[in-house]
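Peer 1: Attaching a single structure in structure tokens format; questions to follow.
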Amino acid sequence: MLSKRSSGILLHPTSLPGPHGSGDFGVDAYRFVDWLKQAGQTYWQMLPLGEIGPGNSPYMSCSAFAGSVLLIDLAELASQGWLNQSDLNPHPEFRAGHVEYNQVVLFRLERLRRAATRFFANPGKELREYDSFCAEENDWLEDYALFKTIEIRRNGCTWSHWPAELAQRNPASLDRVKEVCETEINFWRFCQWCFSRQWSRLKRYANDNGVHVIGDVPIFVAYQSADVWAHQEIFELDESGQPTVVAGVPPDYFSETGQFWGNPLYRWAAHETSGYAWWIARLKHALKYFDLVRVDHFRGFSEYWEIPADAKNAMYGRWMPGPGAKLFEAFQQAFGQLPIIAEDLGLITPDVIELRDRFSLPGMRILQFAFGDGESNLFLPHNYVPNTIAYTGTHDNDTTLGWWNALPNHEKSFALRYLGSDGSDIHSDMMRALSGSVANTVIFPMQDVLALPGDYRMNFPGQATGNWEWRFSWEQVLPEYTQLLADMSDKYGRM
């Protein structure tokens with residue numbers, strides 16, 4: 001798929017317009033697909049679609065399999081008769097260009113509960129579809145629904161602090177929860193069914209219009225997750241269920257003290273013993289929802305930064321060997337060709353490149369990283385290879401205008417010379433440079449297409465609050481922006 005010249009846009013669905021506090025799978029998502037087609041774009045890349053975690057991060061989900069309930073289109077539930085039109089009245093404090101997560105979560109969950117109550121009170125012909133979904137997804141759905149139910153009953157308490165019979169998953173104790181809390185468990189199943197059928201419909205519409213969807217698979221999962229609770233044997237935990245070591249990265253471009261992610265690390269020997277069954281199930285699930293996936297922090301499969309769980313920051317860690325080729329050989333046996341993009345950014349060593357190239361996985365090049373080291377910098381377009389995904393920036397970068405305004409003068413001078421630019425339209429000049437490169441695929445963050453400054457960036461690594469909140473409006477999508485994309489795709493053979 002990535003062997004043909006193509007172009008796409010990076011935009012998370014929460015950043016779409018819409019009346020209910022955040023973007024979702026509603027009419028604006030379909031309108032965005034129509035716009036991608038009009039703009040000559042082949043790919044819609046997004047961030048993980050799982051439930052948000054601490055700091056509202058989609059990379060810290062409570063499940064590697066469940067979808068975010070915030071993305072469920074409430075208007076579609078009303079069309080089914082499960083909500084009233086009055087339920088769709090937006091909260092008066094919702095902001096068009098910003099996600100107020102505290103308000104959005106309460107608003108949407110309240111309406112989802114109303115919809116679930118009405119559905120189960122009079123399920124109709126959809127009950128068969130719901131039951132079929134629950135049966136097909138039972139391997140993860142049962143644990144997820146139980147986890148969410150117990151977590152709520154325990155007021156959000158960390159699972160290792162639940163009563164021992166629940167933390168250690170005593171079958172009789174779990175059966176009692178299923179009996180007593182059947183309504184709550186059914187609610188979380190209902191939400192996942194709604195997510196799945198709405199997403200499947202949206203993806204089918206995108207594919208029918210020539211748009212392929214790129215998903216995102218975080219390498220790690222959150223400690224407070226159904227996955228860790230249900231599969232404690234494959235994570236580095238002590239006898240009480242506490243992590244002994246956690247994930248992160250050493251000091252880098254984004255942080256002087258590194259990034260202390262805090263996710264539990266994998267017990268890779270246990271994964272190998274199982275034939276990497278959990279990872280295969282995870283990738284199979286992702287590829288059911290996406291045409292291909294970006295695997296975050298690809299270096300972690302070669303070697304990963306292990307930080308003591310009680311360390312103050314990520315500086316106090318060490319590199320440890322990952323599963324390497326064994327995992328990807330297992331993937332090949334399960335899937336054949338691997339529709340995977342390797343997120344190979346940061347400090348990359350020869351073993352990471354060897355692993356990526358052994359399985360012919362495309363890597364990533366970021367143009368914002370290109371202008372600090374002279375002509376040999378691998379992020380400069382003349383150093384690209386075809387099997388590459390090239391970006392102006394990613395969700396972790398500043399917008400191109402924000403980056404440009406903070407760039408040192410010597411890097412600005414080099415960039416202007418290299419791009420043949422006067423700097424007045426730097427975001428477009430950088431997009432053109434990528435479009436004209438040999439990289440088979442180029443992806444532009446929506447903020448760069450809309451010429452937005454740094455106030456509109458999506459994420460600031462190492463900053464705990466204020467992330468993942470940006471939304472665009474259709475008024476910002478000027479006709480000349482659409483035409484620019486279409487012209488570049490046409491001129492550089494990316495239609």
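Peer 1: For segment 331-347, what does the Karplus curve 6.51 cos²θ - 1.76 cosθ + 1.60, with θ = phi - 60°, yield as ³J(HN,Hα) per residue in whole Hz, taken in order and with x for Gly and Pro?
Peer 2: 4, 4, 5, 7, 10, x, 5, 9, x, 10, 9, 8, 6, 10, 9, x, 7
Peer 1: Let me know the shape class of segment 109-253, please: from the alpha-carbon gyration tensor, a ≥ b ≥ c as square roots of the eigenvalues, rounded when a/c is under 1.5, otherwise prolate if a/b is greater than b/c, or oblate.
Peer 2: oblate
Peer 1: What ranking do 330-336, 221-227 get when scored by the average of other Cβ atoms within 10 Å per residue, highest first?
Peer 2: 221-227, 330-336
Peer 1: Would you work out the charge dipole size for the chain about its Cα centre, treating the Cβ of every Lys and Arg as +1 and the Cβ of every Asp and Glu as -1, and quote it to the nearest 20 debye?
Peer 2: So the magnitude is around 860 debye.
Peer 1: Determine the percent antiparallel among the DSSP beta bridges restricted to the chain, to the nearest 5.
Peer 2: Here the antiparallel bridges make up roughly 40 percent for the chain.
Peer 1: For the pair residue 240 and residue 86, what calculated FRET efficiency results from E = 1/(1 + (r/R0)^6), where r is the Cβ-Cβ distance and R0 = 35 Å, to the nearest 0.05?
Peer 2: Calculated value: 0.15.
Peer 1: Within segment 71-105, list the GluC sites (Glu not before Pro) lying in a DSSP loop whose Cβ has at most 12 other Cβ atoms in a 10 Å radius.
Peer 2: Qualifying residues, ordered by number: 93.
Peer 1: Now, a different point. Assuming a ≥ b ≥ c are the square roots of the Cα gyration tensor eigenvalues, decide whether segment 345-495 counts as rounded (a/c under 1.5), prolate (otherwise, with a/b larger than b/c) or oblate.
Peer 2: rounded
Peer 1: Right, here's the next one. Determine the alpha carbon to alpha carbon distance for each of 178/284; 125/148; 4/37 and list only those over 24 Å.
Peer 2: From the list (178/284; 125/148; 4/37), the Cα-Cα distance tops 24 Å for 178/284; 125/148.
Peer 1: Right, here's the next one. Classify segment 20-131: rounded, prolate or oblate, from the alpha-carbon gyration tensor (a ≥ b ≥ c, eigenvalue square roots; a/c under 1.5 rounded; otherwise prolate if a/b is larger than b/c)?
Peer 2: rounded
Peer 1: By count of other Cβ within 10 Å, fewest leading, how are 310, 143 ordered?
Peer 2: Starting with the residue having the fewest Cβ neighbours, the order is 310, 143.
Peer 1: In what sequence do 52, 72 fall when counting other Cβ within 10 Å, fewest first?
Peer 2: The fewest-first ordering by Cβ neighbours comes to 52, 72.
Peer 1: At a 10 angstrom cut-off on C-beta neighbours, averaged per residue, how do the peptides 129-137, 277-285 rank from highest to lowest?
Peer 2: 277-285, 129-137
Peer 1: While we're looking at this one, here's another question. Okay, helix-only estimate at 222 nm for the chain: each DSSP H run of n ≥ 4 adds -39500 (n - 2.57), divide by all residues, round to 500 deg cm²/dmol; what do you get?
Peer 2: Using -39500 (n - 2.57) per qualifying helix, the result is -12000 deg cm²/dmol.
Peer 1: Can you order the peptides 168-175, 241-248 by their average number of other Cβ atoms within 10 Å per residue, highest first?
Peer 2: Going from most to least packed, we get 241-248, 168-175.
Peer 1: I would also like to ask the following. Give the separation of the Cα centroids, segment 25-50 to segment 242-312, in Å.
Peer 2: Here the two parts' Cα centres lie 28 Å apart.
Peer 1: Return 73, 344 ranked ascending by Cβ neighbour count within 10 Å, so the fewest neighbours appear first.
Peer 2: Exposure proxy ranking, most exposed first: 344, 73.
Peer 1: Collect residues whose amide H, placed 1.01 Å from N in the peptide plane, falls under 5 Å from the amide H of residue 389; neighbours closer than 5 in sequence don't count.
Peer 2: Answer set, sorted by chain and number: 363, 364, 365.
Peer 1: Restricting attention to segment 170-202, which chymotrypsin sites (Phe, Trp or Tyr not before Pro) occupy a DSSP loop and are surrounded by at most 15 other Cβ atoms within 10 Å?
Peer 2: For chymotrypsin sites (Phe, Trp or Tyr not before Pro) across segment 170-202 that sit outside H, G, I, E and B with at most 15 neighbouring Cβ atoms in 10 Å, the list is empty.
Peer 1: Per-residue HN-Hα couplings for segment 363-373, Karplus 6.51 cos²θ - 1.76 cosθ + 1.60 at θ = phi - 60°, whole Hz, x for Gly and Pro?
Peer 2: After applying 6.51 cos²θ - 1.76 cosθ + 1.60, I find x, 10, 10, 10, 5, 4, 8, 8, 10, x, 10 Hz.
Peer 1: I would also like to ask the following. Amide H neighbours of residue 296 under 5 Å, counting only residues 5+ apart in sequence or on other chains, H built in-plane at 1.01 Å?
Peer 2: Residues meeting the amide H criterion: 217, 219.
Peer 1: Still on this structure: Cross-link candidates for residue 412: which aspartates and glutamates have Cα within less than 20 Å, leaving aside residues fewer than 8 places away along the same chain?
Peer 2: Those aspartates and glutamates meeting the cut-off are 373, 375, 398, 422, 425, 429, 448.
Peer 1: Another question about this same structure. Check each of the trypsin sites (Lys or Arg not before Pro) in segment 98-152 and keep only those in coil by DSSP with at most 11 other C-beta atoms within 10 angstrom; list them in order.
Peer 2: 125
We did not get these values from a lab; they are worked out from the coordinates using the rules stated. Quick caveat: nothing in here was measured; it's all calculated off a predicted structure. All Cβ positions, glycine included, derive from the backbone under ideal geometry; neighbour counts span all protein chains shown.
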